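First up is the structure itself, then whatever we jot down about it.
Taken together, the values in this text are just the output of simple stated rules run on the coordinates, not laboratory data. Since the structure is predicted, the reported quantities are computational estimates derived from the model, not experimental observations. Using ideal geometry, Cβ is built from the backbone for each residue, glycine included, and neighbour counts are taken over all protein chains shown.
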Amino acid sequence: MRWLWQKWHAENKPWAGLEIPCTEMDRLLFNASTTITIGNGKKTRFWHHAWLDGEAPRNLAPHLFELVQRKHKIVAQELANNSWISALQYKITNATQLEEFVSLWIRIQGVALNSEIEDTITWKWTPDGIYSARSAYRAQFIGSFRNFNTELIWRARTENKCKVFAWILIQDKVLTADNLARRGWPHQASCALCNGPIETGQHLYLLCPFAQAVWSQVLSWENWSLPQQTNPANFDCISGWWEEAIKTVHKNQRRDFNGLVIYIMWNLWKERNRRIFDNKLQSVQQVAERVKEDLVLYKRAFSNTPS
């Protein structure tokens with residue numbers, strides 16, 4: 001995509017005017033990632049670039065796009081004497097095509113070219129509107145995963161093994177019943193702590209009545225209180241709840257709070273495994289005391305360690 005970006009900004013390059021090594025998928029992603037401001041219309045491709053109200057005409061009128069033979073003409077060419085209309089003459093044969101034509105025609109009526117100004121392009125994924133390889137890479141994963149502030153884990157006051165566990169948990173890779181089911185592995189369908197619905201990460205650590213009782217006990221001991229807005233029932237994932245909860249904590253206390261969060265989840269996981277693999281169980285009070293013990297031991301071990 002850098003080739004496509006430089007095609008706009010590097011007209012003095014030796015390869016200017018030659019075919020560039022980009023696939024159709026590269027071009028589609030580039031067009032979806034840019035917005036064009038029309039000037040004289042001499043750089044912008046009429047059908048492919050997002051120049052019409054931030055959209056590409058090929059997306060606004062996909063059925064018309066299929067009818068056009070010369071799909072790479074620039075805006076200046078197509079608007080001259082309504083050339084784009086001439087290209088569709090006698091080809092529109094159904095109501096869908098006609099509807100798209102009228103809609104596109106209405107939009108284009110508001111476009112006026114300025115021969116003294118060149119077309120400009122803006123990259124959507126950076127604050128300054130300039131292309132970067134990093135933002136282009138990230139754009140390809142939009143919608144596939146949720147960004148998470150990893151410092152909540154890696155700077156927390158807790159042991160490294162617990163941090164790694166928390167990281168796996170946030171990636172939804174801990175082998176709870178739902179993940180075991182996806183793999184086709186043997187599993188206990190209901191939650192081992194409350195014998196309730198199918199065990200998911202969110203249920204096991206936030207929504208389970210047993211887990212909520214442990215949270216309440218530990219937070220009370222540590223003199224933490226979370227506002228109603230952080231009610232776990234209002235969130236669809238652990239990371240969303242965690243990031244909202246940390247906003248309510250003073251900056252100087254956040255590393256301690258994150259350590260507490262991780263230790264609670266760590267001990268809930270251990271209690272879950274005790275019940276499944278060892279056929280042993282502990283009460284809410286006992287699990288909360290284990291969390292308290294972990295916090296105390298960590299503070300003792302690292303009380304003289306620089307932060």
Subject >> Helix-only mean residue ellipticity at 222 nm for the chain, each DSSP H run of n ≥ 4 adding -39500 (n - 2.57), per residue, nearest 500 >> reply: -13000 deg cm²/dmol
Original post:
How long is region 2-139 along each principal axis, judged by its Cα atoms, biggest number first, in Å?
Top reply: 44, 33, 29
**OP:** Compare the peptides 102-114, 252-264 by average per-residue count of other Cβ atoms within 10 angstrom and give them in order, highest first.
**Re:** 252-264, 102-114
Subject >> Flagged links, alpha-carbon separation over 19 Å, of Lys161/Lys299; Lys42/Lys91; Lys163/Lys270; Lys43/Lys71 >> reply: Lys42/Lys91
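Relative contact order for the chain: what is it in percent, counting Cα pairs under 8 Å that are at least 6 residues apart? Let's see the in-between values first.
Numbers: 324 pairs, mean separation 43.5, N = 307.
Averaging sequence separation for qualifying contacts and normalising by length gives 14 percent for the chain.
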Original post:
Mind checking the log10 I(q)/I(0) for region 68-137 at q = 0.13, 0.24, 0.25 Å⁻¹? Debye, one equal scatterer per Cα, no solvent, two decimals.
Top reply: -0.60, -1.08, -1.12
Original post:
What list of ³J(HN,Hα) values in whole Hz, one per residue of region 262-270 in order, does the Karplus curve 6.51 cos²θ - 1.76 cosθ + 1.60 (θ = phi - 60°) give from phi, with Gly and Pro shown as x?
Top reply: 5, 5, 5, 5, 4, 6, 5, 5, 5
Original post:
Given the alpha-carbon gyration tensor of the chain, what are the semi-axes of its equivalent ellipsoid in whole angstrom, ordered largest first, with each equal to the square root of 5 times an eigenvalue?
Top reply: 57, 23, 17
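For region 111-243, count the residues as N, evaluate 2.2 N^0.38 Å, and divide the Cα radius of gyration by that value, please. Please list the in-between numbers first.
Details: Rg = 21.8 Å, N = 133, 2.2 N^0.38 = 14.1 Å.
Ratio of Rg to 2.2 N^0.38 Å for region 111-243: 1.54.
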Subject >> Taking region 151-301 and dividing mean pair separation by its residue count, relative contact order in percent (alpha carbons under 8 Å, at least six apart) >> reply: 30 percent
Subject >> Inverse mean reciprocal Cα-Cα distance (Kirkwood Rh) of region 173-292, Å >> reply: 14.9 Å
**OP:** Could you pull out every one of the aspartates and glutamates with an alpha carbon less than 16 Å from that of Lys280, ignoring same-chain neighbours closer than 8 positions?
**Re:** Glu271
